[in-house]
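So the structure is just underneath, and the comments pick up after that.
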Amino acid sequence: MQTVLRDAGTFLPILLQGLKFTVLVTLGSLAISTVLGLVWALMRVSGIGWLAFVAKTVVNVLRGIPILVQLFYIYFVFPEFGVALSALQASIIGLGIAYSAYHSENFRAGIEAIDHGQIEAAQSIGMGWFLMMRRVILPQAVKVILPPYGNIMIMMLKDSSQASTITVAELTLQGQILASSTFKNMTVYSMVALLYLSMSLPLIAFVSWLERRFGKGARR
């Protein structure tokens, strides 16, 4: 037991360096996926046929291609078109684009859950489409969107480990390097699992709170 604790104390600073990149990839890709997802969703509900078609096509393509393949394409293929990205940049952009499809469906569901009478009322007082979305529809849709949005955050945190496949030295890759050099597989991977769990549990608790909070609000 003392040996395990000593090894854990030695490995922890190295794994925490990887944890920093895990957080960077998660937060960066979350920001990109949220913005793009909202764009796709607004295009889908815009009522303009060709915009809705473009957004639906993009979302379906992104959902149909594995995230790993998308990361490889951005990191290895884009340079052939003159777009060379670092591994960290490619990871953030790749995960952000991939998850924008899932955010899009979440946002669209939230928008379409709003009573159509709200739209008619806004239009009757002369609100334009963008003003109506900003002041009437989106503030109400947030109650529907937030709980599944939290679940997607948890998925993104775990999927940030895929950045290791294009050499980003995040938590998983640091664990692999440590395990292969020390042969302390049980200690290293147990610590990696615990570090992921330590980040996921607060998010899981937050999502549960959101579901209770907005679930009660919806029943009133």
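The values are calculated or read from the model by the stated rules, or taken from the named source; none is laboratory data. Model, not experiment: these values are computed from the prediction. Here Cβ is always computed from backbone atoms with ideal geometry, including for glycine, and neighbour counts include all displayed protein chains. Accessible surface areas use protein heavy atoms only, side chains included; no ligands, DNA or RNA. Shrake-Rupley method; radii C 1.70, N 1.55, O 1.52, S 1.80 Å.
Of note:
- Helical content alone sets the calculated 222 nm signal of the chain at -27000 deg cm²/dmol, taking -39,500 (n - 2.57) per DSSP H segment of four or more residues and averaging over every residue.
- In summary, the helical segments of the chain meeting the span-like criteria, namely a full DSSP H run, a Cα extent along the axis of 20 angstrom or more and a mean Kyte-Doolittle hydropathy of at least 0.5, are 2-44, 49-64, 138-159, 185-219.
- Where a label projected 7 Å from the Cα of Ile65 along Cα→Cβ would reach, residues of region 95-109 with amide N under 20 Å: 95-105
- From the coordinates shown, Cα Rg over 2.2 N^0.38 Å corresponds to which of (1) 1.03; (2) 1.29; (3) 1.23: (3)
- Of all accessible heavy-atom area on the chain, the percent that carbon and sulfur account for (1.4 Å): 68 percent
- With every protein chain in place and a 1.4 angstrom probe, the accessible-area ranking of Glu105, Glu120, Glu170, largest first, reads Glu120, Glu105, Glu170.
- At full extension, Thr3 and Phe183 could sit 63.4 nm farther apart than now, given 0.36 nm per residue minus the alpha carbon distance.
- Global form of region 33-72, assessed from the alpha-carbon gyration tensor, a/c cut-off 1.5: oblate
- For region 56-151, applying the loop criterion from DSSP together with a ceiling of 16 other beta carbons within 10 Å to the trypsin sites (Lys or Arg not before Pro) yields no site.
- Accessible area expressed per residue, region 78-118, with surrounding protein chains retained (probe 1.4 Å, Å²): 45 Å²
- Using R0 = 22 Å, the C-beta based FRET efficiency linking Ser198 and Asn151 works out to 0.75.
- For the pair Ala31 and Gln123, label points projected 7 Å from Cα toward Cβ lie 3.7 nm apart.
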